[in-house]
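Reading through the structure tokens given below for one structure.
The values are calculated or read from the model by the stated rules, or taken from the named source; none is laboratory data. A quick note: this is a predicted structure, and the numbers were derived from the prediction, not measured. Note that we place each Cβ from the backbone using ideal geometry, even for glycine, and neighbour counts take in every protein chain shown.
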Amino acid sequence: MELIAIALFVLVFLVILRGYPVSFTLGGLSILMGIGLWIYDPDYFNWLDFKLIANRINGTINNFVLIAIPLFIYMGVMLEKSGLAKSLLETMALLFGKMRGGLAISVIIVGALLAASTGIVGATVVTMGLISLPAMLEKKYDPSIATGTIATAGTLGVIIPPSIMLVLLADTINSSNRGEQSVDVGSMFAAALVPGLILVFAYVGYIIYVAWKSPEKVPVHVSAEQGDIEKSELIKRTLLAFILPFVLILAVLGSIFMGIASPTEAAAVGAFGATLLTVLNGKLTLSVLDEVGKETTKITAMVFFILLGATTFTLMFRHLGGDEMLVNMVNQSRLSLYGLLLVVMIVLFIVGFFIDFIEIIFIFIPVITPLFNAYDADMLWVGILIALNLQTSFLTPPFGFSLFYLKGVAPPQISTQHIYKGVMPYVGIQLALIIIVILFPRIIYLFS
């Protein structure tokens, strides 16, 4: 039966790679496997086990923590429609325009703010690509520097809270732990904050280094408007552009970290705040509300269908003894905790080239969590490392998702090679951070 469990896991992965819908592949193959076992041996798998699957699905639907997902999705989509990105980028360009590489630094900072406001990687990369890439190319930025900076800034939504990925990661680790460790969403957000900020500062540091080493690649960006604008007017515009998004971010994250609200309640605050921000920007119309509602419903339905399929798959995999077999295999291999971590990180990094993080979390996390529990590993630390790993995978050539998002909206003169070359230094920075977090795990607890 343990071998059947491994065969089920491999079969699910292969079918997904063939292009079949993830949610129906996970749930459908698991149910078919259960029917086959029931026919083969009714005593081993019977109608009570099918009832258990129904109970698990019902428990998932009633999970209060997961209400945060549609609320954060709504918040992100609404802010995307509010014109926040364009306003922020124009203001940052005015603020840093007289500094060499200032436009690239603006892109990184705006990417970080959008990550903390929306958390939707694809939307951030596409929005930044449409708004900032033409401006950077017009100012004679090196195409590789321009595209690499935009693609990288867009992936910050994976690690900077509030992140949908961190919500799903925390909940999946919890449901796979069997009560051994509790990893709540608030703790995951707090743990991700320091690595996220380190990445932002490291990216800015890289641009400053390029400006010093190869100044021709990152020219000074001074617009006609910037030459005429007074200092008081610049300060006023900066405050107007930043204060509302900053208040929104502070309301969401601050209420969680201070213990005032649960992540789900904070997500509701964020959704309301995003709507209010859109109203204040004069962008809220019936057509915008209709678009936001449809997009939120579509993404939420996709996430929850995958979640229900994954719940069925996890239950079947455990019923067959697959998790116990993997734990025994790891014990017999005499791998150290760091050896296991290395194997898992390499596997997830490669898998991240081919399937989305939602699917990776629901397929792989329930399988690997018992392995780390056997070592009494800190699952909060493991979760942050997995998030950083997947963020790096989404950015790494040749298959990183962010690279394809940007290529889809880039001008014809931007080649795939430009994007590949541009992201490699940032990939190196992220790999360095992963090593730092492995060697110094205490840094994730600085805000705890």
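Assorted remarks:
- For first residues located in the stretch 419-445 and in contact (Cβ under 8 Å) with a residue 60 or more places away in the chain, partners that are of a type in the set (Phe, Trp, Tyr) and surrounded by 15 or more Cβ atoms within 10 Å (Cβ to Cβ) and lie 6+ apart or on another chain with Cβ distances below 8 Å form the pairs Pro425/Tyr206; Tyr426/Tyr203; Tyr426/Tyr206; Ile429/Tyr203; Ile429/Tyr206; Val437/Trp381; Pro441/Trp381; Ile444/Trp381.
- All told, Phe349 falls short of being aromatic (Phe, Trp, Tyr), in contact (Cβ under 8 Å) with a residue 24 or more places away in the chain, crowded, with 20+ Cβ neighbours inside 10 Å and not in a loop (DSSP other than H, G, I, E, B).
- Checked against the criterion of being of a type in the set (Gly, Ala, Ser) and under 20 Å from Phe357 (Cα atoms), the stretch 389-401 has at least one qualifying residue.
- One residue stands out in the stretch 291-303 among those that are crowded, with 16+ Cβ neighbours inside 10 Å and modelled with pLDDT of 80 or more: the one that is nearest to the chain's Cα centre (by Cα), namely Thr300.
- Residues (small (Gly, Ala, Ser) and under 15 Å from the mean Cα position of the chain (by Cα)) located in the stretch 354-405: Gly383, Ala387, Ser393, Gly400, Ser402
- Taken together, Ile73, Ile16, Ile67 contain a single residue that is within 24 Å of Ile363 (Cβ to Cβ) and at pLDDT below 75, which is Ile16.
- Lone qualifier among Ala115, Ala123 - being crowded, with 20+ Cβ neighbours inside 10 Å, touching an Asp or Glu at 6+ places or on another chain (Cβ under 6 Å) and either modelled with pLDDT of 75 or more or not basic (Lys, Arg) (or both): Ala123
- Complete set of residues in the stretch 269-278 that are among the aliphatic types (A, V, I, L, M) and either within 14 Å of Val77 (Cα to Cα) or at pLDDT below 80 (or both): Ala271, Ala274, Leu276, Leu277
- Exactly one residue out of Val194, Val185 is at pLDDT below 90, under 16 Å from the mean Cα position of the chain (by Cα) and at negative phi: that is Val185.
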